[in-house]
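The values are calculated or read from the model by the stated rules, or taken from the named source; none is laboratory data. Not measured: the values here are computed from a predicted model. Heads up, the Cβs are rebuilt from the backbone with ideal geometry, glycines too, and the neighbour counts pull from every protein chain shown. For accessibility, only protein heavy atoms count, side chains too; no ligands or nucleic acids. Shrake-Rupley method; radii C 1.70, N 1.55, O 1.52, S 1.80 Å.
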Amino acid sequence: MLLSPSARITALGGAQITVRDDDAALAAANPAALNPAMDGQLAVNHNFYLSDIQHGFATYVTDLPRLGFTVSGGLQYTSYGDIPQADEFGNILGKVRAGETAFSLGAGRRLTDRFSLGLNLRFGVSTLDVYQSTALAADAGLMYVDTARQFAAAIVLRNFGTQISRYNDLREDIPRDIQIGVSKRLRYLPFRFTVIAHHLHQWEIRYDDPALQTDGTLLFGDDQSQSKGNPGLDNFFRHFIFSGEFLLGRNEAFRIRLGYNHLRKKELSVRDYRSLAGFSGGIGIKARYFRIDMGYAAYHLAGGVVHFGAGINIEDI
């Protein structure tokens, strides 16, 4: 699944692979983020997606010091709400259930003081009425963290796998992704800036729509215009997500997050209308035993998504 697993990641533009702290949900984006500080952490997130779609993620992390690994188990789900079932004449016969569920197991360990490595294995089930499709996929991540310079970098290979069973014997590609990111915390300001490059396995990601002739410009490039703008520059910035996180108060207890996803902006903007599509933001509160996060991402003029998350340290309690 490519949907953001947590409210924190939603607020940061939909991707965060370069942070290693005690937030267990970060391991869903990069298994190399698994570390002993997450020991005993239970994280639960729910996303009120567009229309009646509901999406959520839950995970628990435990540290195994004798083996040198930190491991996690998680469940991610999507429910598409009530879909009317009708015959060829439009007569309503009932309702169709549709949804997706993914079960994951992850493990990560420190290789050196600065490098860590992790792997997630995921088994997914897609259901449409009485039909099902299953798949097996894996994420692999490598992270570099320099605590003295407060700098981090990471690379993640996401959703590399294959279908096990198919709908109507039709083979579909799993939406894989290759991501590289860097983060830097400023020296004299409690702010961490992050840049994530995504879809690096497929350089050309513009949708070629000849019907689009003009469009307003926000930040980088022009839209899919055939007559103006720089297509190469536009395509370049569609690969990037920019985000920042203010870490305020004692023990960084209060956090303010902002993000910008240029691909989402260009794909979901409406021609001749200004919108906040592509922008996101949120807040987080962290106490000794629990954390609460809220994220909002603007998708379209028609609305955005609201994501809530909570975490608790079971072992401390």
Inset, instruction - Return the calculated 222 nm mean residue ellipticity for the chain, to the nearest 500 deg cm²/dmol, obtained by summing -39500 (n - 2.57) across DSSP H runs with n ≥ 4 and dividing by the residue count. - result: -1500 deg cm²/dmol
Inset, instruction - From largest accessible area down, sort His300, His198; use a 1.4 Å probe on the protein chains. - result: His300, His198
Legend entry - the range 5-132, accessible area per residue, ligands and nucleic acids excluded (1.4 Å, Å²): 47 Å²
Legend entry - Charge dipole (debye, nearest 20) of the chain; +1 at Cβ of Lys and Arg, -1 at Cβ of Asp and Glu: 1220 debye
Inset, instruction - For the range 153-160, just list the computed ³J(HN,Hα) in residue order, Karplus coefficients 6.51, -1.76 and 1.60, θ = phi - 60°, integers in Hz, with x standing in for Gly and Pro. - result: 9, 7, 9, 9, 9, 10, 6, 8
Legend entry - Most mobile listed residue (Gly99, Gly90, Gly181) in the chain, GNM with C-alpha springs under 10 Å: Gly90
Legend entry - Cβ-based charge dipole, the chain, positive-most Cα from Val61, Leu157, Phe246: Phe246
Inset, instruction - Scan the chain and report its longest stretch carrying no GluC sites (Glu not before Pro) that are both in a DSSP loop and have at most 13 other Cβ atoms within 10 Å. - result: 205-314
Legend entry - For the range 86-95, Karplus couplings with θ = phi - 60° (6.51, -1.76, 1.60), whole Hz, Gly/Pro x: 9, 8, 5, 9, x, 6, 6, 9, x, 10
Inset, instruction - Go through the range 268-279 residue by residue and turn each phi into a ³J(HN,Hα) via Karplus (6.51, -1.76, 1.60, θ = phi - 60°); whole Hz please, and just put x for glycine and proline. - result: 10, 6, 9, 4, 6, 10, 7, 7, 9, 3, x, 8
Inset, instruction - List the residues whose amide H sits under 5 Å from the amide H of Gly161, counting only those 5 or more places along or on another chain, with H placed 1.01 Å from N in the peptide plane. - result: Ala138
Legend entry - Once exposed loop chymotrypsin sites (Phe, Trp or Tyr not before Pro) are cut out (DSSP; at most 13 other Cβ, 10 Å), longest piece of the chain: 90-187
Inset, instruction - For Ile83, enumerate residues with amide H under 5 Å from its amide H, sequence gap 5+ or separate chain, H modeled in the peptide plane. - result: Val96
Inset, instruction - Identify, among Ala32, Met294, Phe236, the residue whose Cα sits farthest towards the positive end of the charge dipole of the chain, taking +1 on the Cβ of Lys and Arg and -1 on the Cβ of Asp and Glu, with the dipole about the Cα centre. - result: Ala32
